[in-house]
Amino acid sequence: MSEHARPSHGRRQLLRFAGASLILSVTPLAGAAAKLPSILAVRIWPAADYTRVTLETDAPLKFSHFTVENPDRLVVDIEGVEFNSVLDSLARKLTTDDPNIKLLRAGRFKPGVVRLVMELKGKVNPQVFTLEPAGEYGRRLVLDVYPVNPPDPMMALLEGRKDGVEPLKNEQDFQIADKRPDESATKKPEKPIEAPEIQTSKKSGKPIVDRLVTITLDPGHGGEDPGAIGKAGTYEKTVTLEVARRLKARIDAEPNMRAVLTRDSDFFVPLQMRVQKARRIQSDLFLSIHADAWIKPDARGSSVFVLSEKGASSTQARLLAQKENQADLIGGVNLGSKDLFLARTLLDLSQTGTINDSLKLGKYLLGELGSINTLHKAHVEQAGFAVLKAPDIPSALIETAFISNPEEEARLNDDAYQEKLAGAIVRGIRQYFIKHPPGPKAKLALLG
C-alpha cells in the first residue's frame, strides 16, 4: 500500500470511533428484535349480548383495525409479532354456535405483521382496545363485537321467549293487577313445592304478590373474570351461574314472580351494566350471587351484604367490596367507550329508603340461609359494592359459602346443595314480600 493509500493516524482514530458508534447504534435494535412481543394465549367468550376475543401478550402491541362489508368482517393488523402456534389455534377455538362470529382466522399478512380476519354473522359495532395487566393476566388486546341489534331483555319478557315462560299479555302485566274476584273458593289451590305456610297471604289465601314482580339475578364474575378459585380448581363464576339458573327456575314457578339473569352463560358483564340491566326492566329486587374467598381456608359460612353510604360495617366487608369492585379491571372494560351504560353516572346515591328495604330483604335471606348452612355473620353487613348501587331497587349480595374452604367448595359443586341454596333464597324472597308487599309499578318505560 502506498503512503498516500494508508489512512493517517487521525483518520484511523476517526474510523475506529465511527465503527464503535455503528455497533452502539445497531446493538439496541438487535436486542429489540430479539424481544418482540409474543402472543401467550387466545380466548373466546361467545354470548348473545356480545362476543369477546382476547389475545394475551407479554408486551404492548401496535395494531390497527377496520371493517369490510359483503361479507361483514372485522380486520385487525398487529405489527411487530410473529405468527406462532397460539395464533394458529385461534380458528379452532371458535364454536359453530357463536351468535356473532362465523369464521375467525389469523395469518402472516407481510413480514412482521399478523392479520386477524373475523367474518361476522351480522352487522356489529366493534370495539378494539387494550388492557393493562390485572389479576392473573398480562397485557391483553380485546376484540369485542356487539350486534347492531342486541337482544332486548324487555322484549324477551313481553314475548315470553325465555325458558318457555307464558308470554305476558301486555304492558299492564308490569303494573298493579286488576281487582279480580277471589277464585280461591271455587278452585282447589295447588300444593306448593315447599313452605306452604308462606306460599299465600294468611288473610286472603291469594298469592303473596298480586301483580307480576321481576327479580334480577346477577351471577357474579364471568368470562375473563373467574372470580375466586377454590383449592380443587372450582371457579366462582361457574358456581354462581349454576346457582342462579336453579334460582331462576324456582322463582319462575312462583305465582306472579319472574326472574331475569344478567348473564346466562360464561361472559363478562361490567358492574354498571348489571345495574342498568335491572333498572331497564324495572326490577323489584336485585340479587347478586357470589362464593366468598378468604386467606384462611377454615373461614366458612354464608353472608348477606347490602349497600352502605357511610362505610363498611367491618374490615372484612370493606375488603370484600374492594375485591368485588375490581371485577371491571380483571374482566376488562373499555374505558374509551362512549356507551351510555358505562359513561352515565348513576342517580344520586342518597337512597336511604332503598337501603332500608335492602336491609329488610337481607335479614330474611340471611335467616333462610342459616337453615341450610353456617352463617359467617349473624347479621346483614354493609359496604360500598358497586353492583348494589341501583338507587331505586332493593339489592343484596349473597355470599353463598367460602369457595376457599375445601369442604364448602365441595358442597358448592353438589347439585343437591345448589338446590338447597336456591330454595333458601326463594323462601327469603317470599318472606320479604309477605311483610313488604310490592307497590304499584309506574308505566313501563325504558330506562337508559
> Give me the pairs: first residue in region 59-80 and free of Cβ contacts under 8 Å to residues at least 40 places away in the same chain and within 12 Å of PHE109 (Cβ to Cβ), second residue surrounded by 12 or more Cβ atoms within 10 Å (Cβ to Cβ) and among the acidic types (Asp, Glu), beta-carbon distance under 7 Å, and six or more apart or on different chains, which are they?
Replying inline: SER64/ASP77
> How many residues does region 33-73 hold that are open to solvent by 50 Å² or more (accessible area, probe 1.4 Å), more than 13 Å from MET118 (Cβ to Cβ) and outside any loop (DSSP other than H, G, I, E, B)?
Replying inline: 6
>> Can you tell me which condition VAL260 does not meet? The list is (1) of a type in the set (Val, Ile, Thr); (2) touching a Pro at 6+ places or on another chain (Cβ under 7 Å); (3) within 22 Å of LYS323 (Cα to Cα), and all the others hold.
In response: (3)
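Conditions (1) assigned to a strand (DSSP E or B); (2) touching a Lys or Arg at 6+ places or on another chain (Cβ under 8 Å); (3) more than 24 Å from ARG263 (Cβ to Cβ); (4) modelled with pLDDT under 90, marked per residue:
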position	(1), (2), (3), (4)
LEU14	no, no, yes, yes
GLY19	no, no, yes, yes
THR95	no, no, no, no
ALA106	yes, yes, yes, no
> Can you tell me which residues in region 297-353 are closer than 22 Å to LEU369 by Cβ, modelled with pLDDT of 80 or more and open to solvent by less than 70 Å² (accessible area, probe 1.4 Å)?
Replying inline: ALA299, GLY301, SER302, SER303, VAL304, PHE305, VAL306, LEU307, SER308, GLU324
> For residues in region 83-116 being open to solvent by less than 20 Å² (accessible area, probe 1.4 Å) and among the β-branched types (Val, Ile, Thr), which is nearest to ILE330 (Cα to Cα)?
Replying inline: ILE101
> In the set ALA401, ALA383, which member is closer than 17 Å to SER308 by Cβ, crowded, with 23+ Cβ neighbours inside 10 Å and touching a helix residue (DSSP H, G or I) at 6+ places or on another chain (Cβ under 6 Å)?
Replying inline: ALA383
>> Quick check on region 301-315. Is at least one of its residues under 16 Å from the mean Cα position of the chain (by Cα) and not hydroxyl-bearing (Ser, Thr, Tyr)?
In response: no
> If you take the residues of region 27-54 that are of a type in the set (S, T, N, Q) and at pLDDT 90 or above, which of them is nearest to VAL86 (Cα to Cα)?
Replying inline: SER38
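The values are calculated or read from the model by the stated rules, or taken from the named source; none is laboratory data. In this text, all values refer to a predicted model and were calculated from it rather than measured experimentally. Every residue, glycine as well, gets a Cβ built from its backbone with ideal geometry; the counts of neighbours run over all protein chains shown. Just so you know, the surface numbers come from the protein's heavy atoms only, side chains and all, with ligands and any DNA or RNA stripped out. Shrake-Rupley method; radii C 1.70, N 1.55, O 1.52, S 1.80 Å.
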